[in-house]
Amino acid sequence: MLYLIGLGLGDAKDITVKGLEVIKRCSRVYLEAYTSVLTVGKEALEEFYGRELLLADREMVEQVVDEILKGADVSDVAFLVVGDPFGATTHSDLVLRAVDAGIQYRVIHNASILNAVGTCGLQLYNFGETVSIVFWTDGWRPVSFYDKIKRNREMGMHTLCLLDIKVKEQSMENLMRGRKIYEPPRFMTVAQASQQLLEILENRREQGERLAITEETVCVGLARVGSDDQAIRAGSLREMASYDLGGPLHSMIITGQLHPLEVDMLKLFCGPDGLNNLKMTDSSTYTS
């Protein structure tokens, strides 16, 4: 059996009892190590699980997946994923390859950022399509996520923005030369994502486009959700660009129509100057 096991969002103890029982009896246990990170390292997980973990980076999962599936038809193999195996990042390809090889699989679910964002007080059924915001480079500045935010806003829906992480990435030069030299890990912050959005707004305004959001739109920044030191801050998009929420991982929400109860909850996460102003920060997002 191939087991895909969600680890949750916090630390080693967020594993489910069922997941931990499976890990202890598997012949091999892989830790997916490129789509997300926990607040603790591999060594802490190994100590708590009582098992050696084999790191499965992007190259292994995408190019040599047969190594993971090897022997899973006669013994149990576990593939561990931060959050939920089918949460923010799915691993459908691994499942399809297992099925093609005649290997049974089972999924053990856990909390993911897709449901844990409810901790800020916004109601989950009021969220529209989730978007990803990636790091811009000098020659690559995609803005398609803004159009998805716009569609959500037109329907009054909130938008969860998953922010880019770069783990074991190669520079273009090293990639072209075939050199296995990797860049230091980078994790996008709420402030960086907000700054990119502000630049998009400026460009769209210059083009005479009717804006889907403004600098005063109510947003929520979240960091290290599920951990003991999680941070949540609500405020305008302009304010988000100056907030420091600390270490990774960060996520961000662009609000749509706000129910009065949602407004009251968000006030818990405002700075002292924002408590009285949040309701009217962006009147187009508030409904009585």
How about the range 192-204: which of its residues are in contact with an Asp or Glu (Cβ under 7 Å, 6 or more places away or on another chain) and either more than 20 Å from residue 164 (Cα to Cα) or open to solvent by less than 20 Å² (accessible area, probe 1.4 Å) (or both)? 201
Among (1) more than 14 Å from residue 2 (Cβ to Cβ); (2) modelled with pLDDT of 90 or more, there is one condition residue 90 misses while meeting the rest; what is its number? (2)
In the range 205-229, the residues that are without any contact (Cβ under 8 Å) to a residue 12 or more places away in the chain and open to solvent by less than 60 Å² (accessible area, probe 1.4 Å): 209, 211
Members of the range 124-169 that are touching a residue at least 12 places away in the same chain (Cβ under 8 Å), among the polar types (S, T, N, Q) and open to solvent by 50 Å² or more (accessible area, probe 1.4 Å): 130, 132
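The values are calculated or read from the model by the stated rules, or taken from the named source; none is laboratory data. The structure presented is a predicted model; accordingly, all values stated were derived computationally and were not measured. Don't worry about glycine lacking a Cβ; one is built from the backbone with ideal geometry, like all the others, and counts go over all protein chains shown. SASA here: full protein model, heavy atoms, side chains in, ligands and nucleic acids out. Shrake-Rupley method; radii C 1.70, N 1.55, O 1.52, S 1.80 Å.
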